[in-house]
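Here the structure comes first, spelled out in structure tokens, and everything after it is commentary.
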Amino acid sequence: MEKISQNERHERRSSERSFSPTKSALRVFQKIKRPLSVAVIAAFLFYVVQVAREVHEIDVLGMSISLLAGLSIFLYGMSKMESSLDRLAGNRVKKMLESATETKLSGVATGAAVTALVGSSSITTVLLINLVGTSILSFARSVPVIFGTNIGSTITLQLLAFNVDAFIPYFLVFGFLLLFLNKNNKKMYAVGNIVFGLALIFFGLYLMKTAMIPLRTFEPFREMMVNMENPLLGMLIGFFFAGLIQSSAGTVAIVIALAANGLVTLPAGIALILGVHIGKCSTALLAGIGKNGMARRVVVATVIFAVSSALIFIFFIPELVYAVSHIGGSIPRQIANAHTIFNVLATLVFLPFTSLFVSFVEKIVPAKRTKEEEESIPKYLRTEEEIHGPMGVYFGLLGVKQEIHRMGTTVLEMYDDVLNGMLHGTEDELEKIEKRDNSVDALYDRIYENIVMIRLADRTEEQLEISNKLEHFADELERAGDTVKRLAHYGIERDQKEVEISEGTQQKITEIHGLIREQFLRLLNVVSGVMSKEETVNTEKEIMDERKLILKRTEEIIQYLERIRREGEMPFRIEAFKIERDMLRYMTRFYKKIHHMASLHLSNYSLHEEEEILSSESDSE
């Protein structure tokens, strides 16, 4: 069998658990948003076609194809660049969000930096929703980050405002060469994708600008764009368009293309950008579907900040026009500058009132957690700062041990519930047990991360040994939870196939379940530290000694079932026998996890000896 490291197993387990209905919905929407974008552009062109038929002034077909081609290439380039940036800096971005939000200013800086790094405020918002929803980051700390993401998003518009048409071929060739020459170098290949994606973005923008040249002299269109100078109308159109095609960057690109051809005035361009600022919240709303109250707070905060800041600044469009006109530059550059000034000022206005803003959102969005969510949130783990502080490793290890006991209590409850579920439960009841394993997995992830922090701190060799043992213990406990989940799966199989488990077999399964439960309960008592040192050693020894008895008894029952099936000549019992046998074998696996956990304690120290080591350090300090 292939051997894999602890870190590899942890990463595989995390990736296996990454599926969720929300992510599934996002993937579906990602598939349809490109065709939806084309549909919206087509509707807009349909209007142009109807007018053009009357005046015969423009080549509608040629303009339509060029515009749609440009938008498609632009959106594809954005997608390619964003996905490559995520692969290149995904873990680094998550760590930045987790650790660099201690103050309001650092939170703003982190939000701006992360958004600039990944090239999308939507990606940063989705990350925040997940981090706050799993209590890795508090909601209060996430709010300054939300403010900062809007500053980071200005980078995209500033880039688009550059006229780099003459350099597009060089970008394309350079990006292609990086891709072609670095197929085996993942980092450089990702860099190549970023450069190539950036080239496609500018190429798509070039095609859109070129496609709109005929509109310069198309009087009906010019009259329609004059109406955009009405701030409210311009903002509504920007909001509608960005929300509908699910791409604020795509909408901004169209505004820049219009401005480059003199089809949008500066006031109209600013109004459109304010609307886009609100419309981009649709991604956050979608990402919040099915999330808990804590995650929904991030969504609501994002929407409130976007809407309120845009509504405030719509009254100051003339002042923005005056300011950016004096800064100078082309109309696209002035629109980009107005966008930057707006986002920076909006952040400066809201930042001093962060605490009030947090309290307001917390009042309107209750954060009631389910039992499963409560189980997944650690109560005793120390922060990285606490672990590196005085006696930090000591308290860190104690916190890990307490969380392991909580984790074990959840697994015990699952094991108790799965007995009735296997024998009589419905599919819905068993699926609830399977879902509880998610909370065990989530808590395990936090324990694992905490142990890594402890290892990186200033610790003794004895403490390192203890941390290794606790990690193996937590790992076996997490696998025990997976085993219970598998038992629930066999119960679902029984229910779906309408298999009846005989009364005699039910008694035997209940017997084995009780024997194993007794050993697991003993193990949890050991972990809790309520026993004396002598009782701890004796209990661990008893768990080890029961191995032969439990395994032998389980095998006897399996052989008994096989004999009954053969001698009774009951072919309809084949399905029942398979399920019963698998249930017993996985209960045996569950016991083997218990046995292994007991042996981990005996291999070095008992938990009481750990306490003595930790206490001696405390006394010495």
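Descriptive notes on the structure:
- Taking first residues from the stretch 289-315 that are on the phi > 0 side of the Ramachandran plot and aromatic (F, W, Y) and partners that are assigned to a helix (DSSP H, G or I) and open to solvent by less than 30 Å² (accessible area, probe 1.4 Å), no Cβ contact under 8 Å between residues at least 6 apart in sequence or on separate chains turns up.
The rows are residues; the columns are (1) out of contact with any strand residue (DSSP E or B) (no Cβ under 9 Å at 6 or more places or on another chain); (2) touching a residue at least 12 places away in the same chain (Cβ under 8 Å); (3) assigned to a helix (DSSP H, G or I); (4) open to solvent by less than 20 Å² (accessible area, probe 1.4 Å).
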position: I146; (1), (2), (3), (4): yes, yes, yes, yes
position: L157; (1), (2), (3), (4): yes, yes, yes, yes
position: N163; (1), (2), (3), (4): yes, yes, no, no
position: P169; (1), (2), (3), (4): yes, no, yes, no
position: G192; (1), (2), (3), (4): yes, yes, yes, yes
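- The residues listed here are V400, V358; of these, the one that is touching a Leu at 6+ places or on another chain (Cβ under 7 Å), more than 30 Å from I579 (Cα to Cα) and among the hydrophobic types (A, V, I, L, M, F, W, C) is V400.
- Within the stretch 182-209, being farther than 25 Å from S120 by Cα and in contact with a Gly (Cβ under 8 Å, 6 or more places away or on another chain) holds for one residue alone: N182.
- Sub-9 Å Cβ pairs linking a first residue in the stretch 504-521 that is in a helix (DSSP H, G or I) to a second residue that is surrounded by fewer than 19 Cβ atoms within 10 Å (Cβ to Cβ) and at pLDDT 90 or above, at least 6 apart or interchain, are H513/D416; R517/L412; R517/D416; F520/L412; L521/L412, ordered by first then second residue.
- Within the stretch 449-470, being open to solvent by less than 50 Å² (accessible area, probe 1.4 Å), part of a helix (DSSP H, G or I) and either within 15 Å of H388 (Cβ to Cβ) or at pLDDT 90 or above (or both) holds for N450, I451, I454, Q463, S467.
- When S376 is tested against (1) open to solvent by 20 Å² or more (accessible area, probe 1.4 Å); (2) under 28 Å from F147 (Cα atoms); (3) among the hydroxyl-bearing types (S, T, Y), only condition (2) is not met.
- Yes/no for D416 being at pLDDT 85 or above, open to solvent by 40 Å² or more (accessible area, probe 1.4 Å), among the acidic types (D, E) and in a helix (DSSP H, G or I): yes
- Boolean, E610 is of a type in the set (D, E, K, R), modelled with pLDDT under 75 and surrounded by 14 or more Cβ atoms within 10 Å (Cβ to Cβ): yes
- Residues of the stretch 171-190 that are open to solvent by 40 Å² or more (accessible area, probe 1.4 Å) and assigned to a helix (DSSP H, G or I): F171, L172, V173, F174, F176, L177, F180, L181, K186, K187, M188, Y189.
- Pick from the stretch 218-251, criterion open to solvent by less than 20 Å² (accessible area, probe 1.4 Å), modelled with pLDDT of 65 or more and under 36 Å from the mean Cα position of the chain (by Cα), ranking: farthest from T115 (Cα to Cα): G234
- Tally, over the stretch 297-312, of residues that are open to solvent by 20 Å² or more (accessible area, probe 1.4 Å) and not β-branched (V, I, T): 3
- Filter result (open to solvent by 10 Å² or more (accessible area, probe 1.4 Å) and at pLDDT 75 or above) within the stretch 95-109: T103, K104, L105, S106, V108, A109
- Condition met for Q496 (out of contact with any Cys (no Cβ under 9 Å at 6 or more places or on another chain) and open to solvent by 60 Å² or more (accessible area, probe 1.4 Å)): yes
- If you go through the stretch 332-368 and keep only what is open to solvent by 60 Å² or more (accessible area, probe 1.4 Å) and part of a helix (DSSP H, G or I), you end up with L345, L348, V349, P352, F353, S355, L356, F360, E362, K363, I364.
The values are calculated or read from the model by the stated rules, or taken from the named source; none is laboratory data. Everything quoted here is computed from the prediction, not taken from an experiment. No Cβ is skipped: glycine too gets one built from the backbone with ideal geometry, and neighbour counts run over all protein chains shown. What goes into the accessible areas is simple: the full protein's heavy atoms, side chains included, and nothing from ligands, DNA or RNA. Shrake-Rupley method; radii C 1.70, N 1.55, O 1.52, S 1.80 Å.
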